[in-house]
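Taking it in order: structure first as C-alpha cells, then the write-up.
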Amino acid sequence: MSDLLVVIPMWVALLVAAGALAVLPRTLGYAVAVALSALTVPWVLLAPAGTSLVVTPLGFEQTLLRVDGLTRPVTAVFGFVAALGLAYAYATDADRKTGAWAAAYMGASMAAVLAGDWLTLLVAWETMAVTATVLVWVHGGDAVRPAYRYAVYHLIAGALLVAAVALHFTAQGTFAITGGFTAGLPTALGVLGVGINLGFVGLHYWVPDTYPRPHVAASVVLAGFTTKVAVYALARLIPEGNLVVAYVGGVTVVYAVWMAILQTDTRRLLSYHIVSQVGYMVAAVGIGTAVGTAGAVAHLSTHVLYKGLLFMVAGAFVYRVGTGSLKELGGLGRRMPLTFAAFLVAALAISGVPGFSGFVSKGLVIKAVDKTGLEVLWWLLVLGGVGTVLSFAKFGYYAFVRAVPAPFEVRPSRPALSAVLVVAAVPSVVFGLAPDLLFGAMPGDTAGFEPYATSELTKAAAVTAVGVLGFVALRGPLSRIPDRDVDRVLHPAAFRLADGASRAVAGTAGTVAKTAGVFARSLGDRLLARSTDGPAESAIGTAMLVVAAGLGLTLLVALLG
C-alpha cells in the first residue's frame with residue numbers, strides 16, 4: 001500500500017483537478033477538483049518518510065517526489081488550503097477558467113515543495129510564475145497591468161535562481177537537494193532570487209500591487225502559496241542560517257505592518273500582512289537553529305490557514321457588498337454575523353492572542369530568536385506584533401463595529417460560502433488550543449517550548465493591550481487617510497522598473513511575431529499605460545529604488561563573505 005502512495009506525486013491530483021475544471025460542467029468540475037485537492041492531505045501523511053520517486057528522462061536523476069520532515073507538513077497544509085480555495089471559488093461564482101488556473105498554480109506550488117532536486121524545483125518554480133500570472137490576467141480589467149508586472153518580478157526571480165542552480169551544479173556536480181547551497185555567489189544569487197518571491201522589503205511591491213486585483217477566489221489562492229514556497233526554498237538554501245537574512249526578515253516585519261496600518265482597502269491591508277508575517281518566517285530561518293526551523297514551518301502552516309480565511313472574509317465583502325474599502329464599510333457585525341465570527345478567529349490568530357494558532361507559532365519564532373540573544377531582532381518582531389494588533393483592531397472596527405457611513409445592500413450568503421468559512425476557521429482554533437498537534441508535525445526541534453507558560457501569556461497580553469490602545473489613540477488620524485494608497489512614494493520606482501521591463505518584453509515579443517507574420521504590433525503599448533507620477537513622487541520613488549538596490553548589494557556582499 002505504501003509503495004502505491006508514491007508511484008504518482010501528490011501534485012498530479014491538482015493537475016487532474018485543473019483538467020476536470022476545464023472540461024466538466026461547472027458544478028461537477030468543482031466537486032471533482034475539491035475532492036482531488038483534499039485527497040492530497042491523507043496521501044502525503046500516509047506516505048512513508050524518506051521515500052522518493054526518481055526518474056531519468058534527461059540522462060540524469062530527477063526526484064519528482066521526496067517525503068521528509070520538511071516537505072510533509074507544508075504539503076499537507078497546501079492540500080487542505082487548495083481544497084478550501086477551490087470550494088471558495090465555487091461559492092463566489094468563479095468561472096471554470098479561474099478555477100482551472102488556480103488548481104494548476106497550486107499544483108505547481110506543491111510540486112516545488114515535493115521536489116528532491118533543484119532542477120525539478122526550478123521547473124515547478126517557473127510554472128508557478130506562469131500560472132499565477134494567467135490566474136490574475138484572466139480576470140481582465142484593472143488586473144491586466146498588475147499581471148504583467150507580476151510576471152516581470154518573477155521572471156527576474158527565476159533568472160537569479162536559475163543562475164544560482166547552474167553555478168551550484170558546476171561546483172557540486174549534482175542537482176540533488178542535500179544540505180545547503182554552494183557558499184559564495186551561488187548562495188547569494190539564490191537568496192536574492194528567492195527573496196523577490198518572499199517579498200523582502202524593497203522587493204515586495206508585487207504583493208500589494210497584484211493580490212487585491214483579480215477575482216476574490218484568486219486572491220485567496222495566491223495568498224497561500226507563492227511566498228510560502230519561497231520560505232521553504234530559503235530553508236533549503238541556507239539550512240545553517242544567515243544573520244543578514246534574519247535582520248532583513250525583522251525589518252520586513254516592521255515596514256510591512258506599518259504599511260498595512262495605513263491601508264484603506266481590505267485586500268491591500270492583508271497583502272501587506274503577508275509580507276510582514278513572512279518576515280517572521282525569514283527571521284526564523286535566518287537564525288539557523290533547529291528551533292528556528294521548527295518556528296518557521298509552524299508559522300508558515302498557521303499563516304497559510306488564517307491568512308486564507310482573512311482573504312475569504314475580504315472577498316465576502318466584495319462578493320456580498322460590492323466593495324472592500326474600509327471607508328465605505330461599517331456595521332457588518334450585525335448584517336454578516338458568520339463572516340464577523342470568521343474574521344474574529346483569523347484576526348485573533350494573526351494577532352497572536354492566546355487560544356489561537358498564531359499565538360503558538362509566532363511565540364515559537366520569537367522564543368527561537370530570544371534564545372540566540374539577538375535583542376534588536378527580538379524587538380523588531382515584538383514591535384511587528386503590536387502593529388498587527390493595531391491593524392486588525394482598525395480592520396474590525398471599521399468593517400464590523402462602527403455605524404454604517406452610508407446605506408448599502410448586503411447580498412444574501414450562499415450556504416456553500418458559509419460552510420467554507422466555518423471549515424477554514426477550525427484549524428486556527430484547534431492548533432491554538434492543542435499546540436502539540438502542530439509541534440508534533442514540525443521539523444527541527446521546539447526545545448520544549450511551552451506557549452501557555454505564564455511568561456508567554458504575559459508577553460501576549462502586553463502586546464495585545466499596547467496594540468489596542470494604539471488604535472484607540474490613532475483612530476482619529478487613521479480615519480483621515482485618503483483613499484489613494486499611501487505607499488505611492490514607492491510606486492514610481494517599483495512601477496517604472498516593472499513597467500519598463502514589461503514593455504521591453506512585450507516589444508520584443510511583438511517584433512518576433514511581426515517577423516513571423518503573426519502580429520503587426522506589440523501588445524505592450526496597448527495593454528500597459530505610462531506612469532503619470534509627478535516630479536516629487538518620481539524623485540522619492542527613485543530614492544526608494546536606490547535603497548532597494550543598496551539592500552540587494554548589501555545582502556549579496558554579506559552572503560559572499
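Here's the yes/no breakdown for (1) under 23 Å from the mean Cα position of the chain (by Cα); (2) not aliphatic (A, V, I, L, M):
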{"position": "Leu15", "(1), (2)": "yes, no"}
{"position": "Leu21", "(1), (2)": "no, no"}
{"position": "Arg26", "(1), (2)": "no, yes"}
{"position": "Gly29", "(1), (2)": "no, yes"}
{"position": "Ala35", "(1), (2)": "no, no"}
{"position": "Thr51", "(1), (2)": "no, yes"}
{"position": "Thr63", "(1), (2)": "no, yes"}
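Being at negative phi and touching a Lys or Arg at 6+ places or on another chain (Cβ under 7 Å) is a description that does not apply to Val55. Of Leu310, Leu326, all but one fail to be in contact with a helix residue (DSSP H, G or I) (Cβ under 6 Å, 6 or more places away or on another chain), modelled with pLDDT under 95 and surrounded by 24 or more Cβ atoms within 10 Å (Cβ to Cβ); the exception is Leu326. Of all residue pairs spaced 6 or more apart or on separate chains, those with beta-carbon atoms under 6 Å, a first member in the range 13-34 that is assigned by TED's automatic domain parsing to the domain that holds Tyr90 and closer than 16 Å to Asp93 by Cβ and a second member that is basic (Lys, Arg) and in a helix (DSSP H, G or I) are Leu21/Arg96; Arg26/Arg96; Gly29/Arg96.
In a residue-by-residue description of the range 93-114, the property of being under 18 Å from the mean Cα position of the chain (by Cα) and over 19 Å from Val44 (Cα atoms) applies to at least one position. Residue check: Ser52 meets all listed conditions (1) at pLDDT below 90; (2) in contact with a Pro (Cβ under 7 Å, 6 or more places away or on another chain) but one, namely (2). Just name the residue that is nearest to Leu310 (Cα to Cα) out of those in the range 399-409 that are part of a loop (DSSP other than H, G, I, E, B) and either in contact (Cβ under 8 Å) with a residue 12 or more places away in the chain or within 21 Å of the chain's Cα centre (by Cα) (or both). If we take residues in the range 399-409 being part of a loop (DSSP other than H, G, I, E, B) and either in contact (Cβ under 8 Å) with a residue 12 or more places away in the chain or within 21 Å of the chain's Cα centre (by Cα) (or both), then Arg402 is nearest to Leu310 (Cα to Cα).
Quick grid of which residues meet (1) assigned by TED's automatic domain parsing to the domain that holds Gly292; (2) among the acidic types (Asp, Glu); (3) more than 21 Å from Gly470 (Cα to Cα); (4) surrounded by 24 or more Cβ atoms within 10 Å (Cβ to Cβ):
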position: Ser219; (1), (2), (3), (4): no, no, yes, yes
position: Thr227; (1), (2), (3), (4): no, no, yes, yes
position: Tyr247; (1), (2), (3), (4): yes, no, yes, no
position: Val253; (1), (2), (3), (4): yes, no, no, yes
position: Ala256; (1), (2), (3), (4): yes, no, no, yes
position: Ala260; (1), (2), (3), (4): yes, no, no, yes
position: Thr264; (1), (2), (3), (4): yes, no, no, no
position: Ser276; (1), (2), (3), (4): yes, no, no, yes
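State all residues of the range 323-365 that are outside any loop (DSSP other than H, G, I, E, B), of a type in the set (Phe, Trp, Tyr) and closer than 21 Å to Val382 by Cα; if no residue qualifies, say none.
Phe359
All conditions but one from (1) in contact (Cβ under 8 Å) with a residue 60 or more places away in the chain; (2) within 12 Å of Tyr211 (Cα to Cα) apply to Tyr148; the one that does not is (2). Mind checking whether some residue in the range 383-391 is modelled with pLDDT of 95 or more, under 19 Å from Phe471 (Cα atoms), surrounded by fewer than 18 Cβ atoms within 10 Å (Cβ to Cβ) and assigned by TED's automatic domain parsing to the domain that holds Phe471? Yes, the conditions are met somewhere in the range 383-391.
Screening the candidates Thr51, Thr75 for the property of being surrounded by 16 or more Cβ atoms within 10 Å (Cβ to Cβ) and hydroxyl-bearing (Ser, Thr, Tyr) yields one hit, Thr75. Test Val130 against the stated conditions and say whether it is over 24 Å from Pro212 (Cβ atoms) and part of a helix (DSSP H, G or I). So Val130 fails the test.
Each row is one residue, and each column tells you yes or no for (1) modelled with pLDDT of 95 or more; (2) not small (Gly, Ala, Ser).
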position	(1), (2)
Met259	no, yes
Gly279	yes, no
His299	yes, yes
Gly330	no, no
Pro337	yes, yes
Phe340	yes, yes
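If the condition is being crowded, with 19+ Cβ neighbours inside 10 Å and without any contact (Cβ under 8 Å) to a residue 40 or more places away in the chain, then the range 165-188 contributes Leu167, Pro186. Tell me which residues, restricted to the range 223-262, are within 17 Å of the chain's Cα centre (by Cα) and under 21 Å from Thr120 (Cβ atoms). Matches in the range 223-262: Phe225, Thr226, Thr227, Lys228, Val229, Ala230, Val231, Tyr232, Ala233, Leu234, Ala235. Of Pro427, Pro412, all but one fail to be over 27 Å from the mean Cα position of the chain (by Cα), of a type outside the set (A, V, I, L, M, F, W, C) and either part of a loop (DSSP other than H, G, I, E, B) or surrounded by 14 or more Cβ atoms within 10 Å (Cβ to Cβ) (or both); the exception is Pro412. In summary, Gly241 fulfils each of the numbered conditions (1) surrounded by 24 or more Cβ atoms within 10 Å (Cβ to Cβ); (2) out of contact with any Phe, Trp or Tyr (no Cβ under 9 Å at 6 or more places or on another chain); (3) small (Gly, Ala, Ser) with the single exception of condition (1). Pairs are defined by a Cβ separation below 6 Å, a sequence spacing of at least 6 or placement on different chains, a first member in the range 326-339 that is assigned by TED's automatic domain parsing to the domain that holds Leu417, and a second member that is assigned to a loop (DSSP other than H, G, I, E, B) and crowded, with 21+ Cβ neighbours inside 10 Å; the pairs so defined are Leu326/Thr264; Lys327/Thr264. Does the range 26-40 include one or more residues that are loosely packed, with under 15 Cβ neighbours inside 10 Å and within 26 Å of Pro427 (Cα to Cα)? Scanning the range 26-40, I find at least one residue that is loosely packed, with under 15 Cβ neighbours inside 10 Å and within 26 Å of Pro427 (Cα to Cα), so the answer is yes.
Conditions (1) over 23 Å from Val285 (Cα atoms); (2) modelled with pLDDT under 95, marked per residue:
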{"site": "Leu135", "(1), (2)": "yes, no"}
{"site": "Pro146", "(1), (2)": "yes, yes"}
{"site": "Ala157", "(1), (2)": "no, yes"}
{"site": "Thr170", "(1), (2)": "yes, yes"}
{"site": "Thr182", "(1), (2)": "no, yes"}
{"site": "Pro186", "(1), (2)": "no, yes"}
{"site": "Leu198", "(1), (2)": "no, yes"}
{"site": "Gly202", "(1), (2)": "no, yes"}
{"site": "Pro208", "(1), (2)": "yes, yes"}
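The values are calculated or read from the model by the stated rules, or taken from the named source; none is laboratory data. Everything quoted here is computed from the prediction, not taken from an experiment. A quick note on method: Cβ atoms are made from the backbone with ideal geometry, for glycine too, and the neighbour counts reach across all protein chains shown.
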